[in-house]
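Asks: Have a look at this one.
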Amino acid sequence: MAETEEKTPKSSAPKSSAPKGGAPKGAPGGSPGKGKDKAPAAAVDHAPKAVEGTPRLQEYYEKTIRARLAKEFGLANPNQVPRVVKVVLNVGMGDAGKNPKQLDAAVDELGLITGQKAVVTKAKKAIANFGLRAGMPVGATVTLRGARMYEFLDRFINLAVPRIRDFRGLPNRSFDGRGNYTFGIKEQLIFPEIDYDRVEKIHGMDITLVTSTDRDDLAMGLLRELGWPFRGETPQRVA
């Protein structure tokens, strides 16, 4: 007669509700593996912001320049008073495709000058004579608006312009007929943010001031009130 196997009776204790591997996820005694809660990542604000408060030049424009321009040109509608909409800085480097290190340096320098990351510009079409293909990097550009724009203009007029060698004033005929003003500088070293020992290559840049008016006389009057050093004129003192 075969021996009967003794069966071990099953435990009547209630099953634990905890998952396998220890305490539930996020519990203090839980395992440090996948169940560990990660600290929330710091919020990244991609929109460039200026320092707190209103820039000095912007406050001076709103409190003083607007009333002066309206009275000087007889502008009854306050929306007709010109203002600076944006400032565009553009660095062109034809050999950027062959020397990417210099292009990276130009991008970093524009970031130091403006406090805003520059965008690499690329060729729109191929030009065989220059060995240029569509999509190749050809320079860098930055567009400033709002508080950053006024801060840049303030630093440029009061800090960068006095550092220009043999300076005789900025041109007063560089308007495009629609109220926009463009001029060029030969060296980026005039900006105090640039360290001479870290410069890869000395290059110039074009700076464009876009205004809200389509009249050159209004745009010139606005720049004069901002203290712009036009050639042959004594710039006005901005409080």
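Asks: Could you list which residues have their amide H under 5 Å from that of Asn172, counting only those 5 or more apart in sequence or on another chain, with H placed in the peptide plane?
Replies: Residues meeting the amide H criterion: Arg231.
Asks: So, one more: Any idea what % of Cα-Cα pairs in segment 69-108 are farther than 12 Å?
Replies: Cα-Cα pairs in segment 69-108 separated by more than 12 Å: 70 percent.
Asks: Give me the Å³ per residue figure for the convex hull around the C-alpha atoms of segment 99-239. Please report the intermediate quantities before stating the final value.
Replies: Working: hull volume 20.5 nm³, N = 141.
Per-residue hull volume (Cα only) is 145 Å³.
Asks: With all protein chains present and a 1.4 Å probe, how do Met220, Met205 order by accessible area, largest first? Working shown, then result.
Replies: Details: Met220 35, Met205 10 Å².
Highest to lowest solvent-accessible surface, that is Met220, Met205.
Asks: For segment 190-239 and segment 92-139, write down the distance between their C-alpha centroids in whole Å.
Replies: 23 Å
Asks: How much net charge surrounds Arg231 when only the other residues with a Cβ under 14 Å from the Cβ of Arg231 are counted, with Lys and Arg +1 and Asp and Glu -1?
Replies: Working: positive: Arg168, Arg173, Arg224; negative: Asp166, Glu233.
That sum, taken over residues with Cβ under 14 Å, equals +1.
Asks: Another question, then. Subtracting the Cα-Cα distance from 0.36 nm times the residue separation, let me have the gained length for Lys71 to Ile164 in nm, one decimal.
Replies: Values: separation 93, 0.36 × 93 = 33.48 nm, distance 3.40 nm.
Length difference between fully extended and current span is 30.1 nm.
Asks: Taking R0 as 30 Å, what's the FRET efficiency between Val199 and Lys86 from their Cβ-Cβ distance, rounded to 0.05?
Replies: With R0 = 30 Å, the Cβ-Cβ based efficiency is 0.65.
Asks: Determine the share of segment 101-229's accessible area contributed by carbon and sulfur atoms, expressed in whole percent, with a 1.4 angstrom probe.
Replies: Working: 3410 of 6990 Å².
Ligands and nucleic acids excluded, carbon and sulfur reach 49 percent.
Asks: Roughly how many Å² is the accessible area per residue of segment 102-150, as a whole number, for a 1.4 Å probe? Walk me through the numbers before you get to the answer.
Replies: Details: 2730 Å² over 49 residues.
For segment 102-150, the per-residue accessible area is 56 Å².
The values are calculated or read from the model by the stated rules, or taken from the named source; none is laboratory data. Everything numeric here is computed off the predicted structure, so don't read it as measured data. Using ideal geometry, Cβ is built from the backbone for each residue, glycine included, and neighbour counts are taken over all protein chains shown. Just the protein is used for accessible areas: all its heavy atoms, side chains included, with ligands, DNA and RNA removed. Shrake-Rupley method; radii C 1.70, N 1.55, O 1.52, S 1.80 Å.
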